[in-house]
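First, the structure itself, so that you have it in front of you.
Readers should treat all values here as calculations from the given coordinates under stated rules, not as data from a laboratory. Source: prediction; values computed, not measured. Don't worry about glycine lacking a Cβ; one is built from the backbone with ideal geometry, like all the others, and counts go over all protein chains shown.
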Amino acid sequence: MKKNTQNVILIPTDFSEVCNNAINHGFVLANAMQSRVWLLHVINKDTHKFLEENNLDESKIEEMLQEIADRYYKKYNVQVDIYITSGNLFEMIDIVNEKLRAKLIILGTHGKIGFQRIAGSYVLKIASLTNTPTIVVQKESNIEGYKNIVFPITSSTQDRQKVAWAINIAKTFKATIHLIPKFESDKYHKNRIMTVTKQIKDIMNKYGIKFYDKVSSPEAGNFAKQVIDYSVENNAGLIMTLIDKDKTFFFSSWDEQIIYNSSQIPVICINPVETKKSAWDSGW
């Protein structure tokens with residue numbers, strides 16, 4: 001978990017429908033976690049094109065952001081700041097986040113109306129650049145709080161680092177964690193998964209977190225499909241995944257399937273950090 005974070009949620013927006021949905025998602029979280037919100041717009045060539053086509057100047061961006069801030073402040077009574085900067089979209093989100101030391105970033109994906117279209121591989125790039133857990137929200141995501149959180153488990157020992165966030169989110173929303181260990185036929189990987197799963201279950205018990213345990217099946221399709229199908233069947237509000245920075249494109253193929261799931265369930269991408277301290281011993 002990112003060190004020395006502020007109790008702030010950062011939400012970049014291109015004013016698309018999906019980014020508006022991400023904003024609502026972020027404010028629900030901020031209200032539950034008693035966090036502040038920063039709304040960010042990065043002015044770039046897409047912004048200038050939008051302004052030029054609509055015969056507007058840059059002051060319109062500030063007006064649009066402030067209108068959103070005022071509306072959600074009234075709705076959720078959450079402190080909100082707006083921030084506008086210029087430059088490369090991805091670099092500036094990373095730079096602003098480094099200065100802000102946000103607890104969470106909320107990203108809307110597959111936006112088709114917004115003039116910057118924060119979508120597809122762009123989201124992967126932003127999530128990979130930062131060291132901040134990032135929740136990816138799609139168009140159909142409506143949140144009143146998380147009641148069921150799906151937690152896939154692989155043979156990676158870094159899966160343990162998802163535990164701190166799983167525990168804190170579950171405590172905040174009184175949610176149930178659904179553990180899904182990946183089926184492995186190879187004895188070595190099977191034993192690793194069993195070890196990691198036991199450790200995770202032990203720590204869930206220690207913190208009084210309600211959880212279920214369901215092992216995936218080799219007959220039920222690929223792992224991503226099983227995770228998504230299970231999430232739909234159990235009305236999951238959030239799926240947890242891990243950014244693997246050892247991979248060329250930062251995410252495994254099944255991770256990408258989960259992040260861009262057709263059921264449009266929000267996904268939190270956790271960045272593993274090098275630490276000798278157990279992830280679940282960290283606070284928010």
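Provide the packing ranking of 186-194, 144-152, 35-43, i.e. peptides ordered by the mean count of other C-beta atoms within 10 Å per residue, highest first.
Values: 186-194: 13.8, 144-152: 20.3, 35-43: 22.1.
Averaged packing, sorted descending, gives the order 35-43, 144-152, 186-194.
In bins 5 Å wide, starting from 0, what share of all Cα pairs of the range 8-137 does each bin hold, as a percent?
2, 11, 22, 26, 21, 12, 4, 1, 0
Can you tell me the order of 209-217, 234-242 when each peptide is scored by its average per-residue count of other Cβ atoms within 10 angstrom, highest first?
Values: 209-217: 15.4, 234-242: 21.4.
Most protected by this proxy first, the peptides run 234-242, 209-217.
Please list, in order along the range 69-86, the HN-Hα scalar couplings obtained from phi with the Karplus expression 6.51 cos²θ - 1.76 cosθ + 1.60 (θ = phi - 60°), rounded to whole Hz, x for Gly and Pro.
4, 5, 5, 7, 5, 5, 6, 10, 6, 10, 5, 9, 10, 10, 9, 10, 9, 10
Step through the residues of the range 93-108 one at a time and calculate ³J(HN,Hα) from phi using the Karplus curve (6.51 cos²θ - 1.76 cosθ + 1.60, θ = phi - 60°), rounding each to whole Hz and writing x for Gly and Pro.
4, 5, 5, 4, 5, 5, 6, 7, 6, 5, 6, 9, 10, 10, 10, x
A further question follows. So, in nm, how far is label Tyr83 from label Gln199 when the simple model puts each one 7 Å beyond its Cα toward the Cβ?
3.4 nm
Compute the whole-percent fraction of alpha carbon pairs in the range 32-101 spaced more than 20 Å apart.
On the way: 930 of 2415 pairs.
Result for the distance tail: 39 percent.
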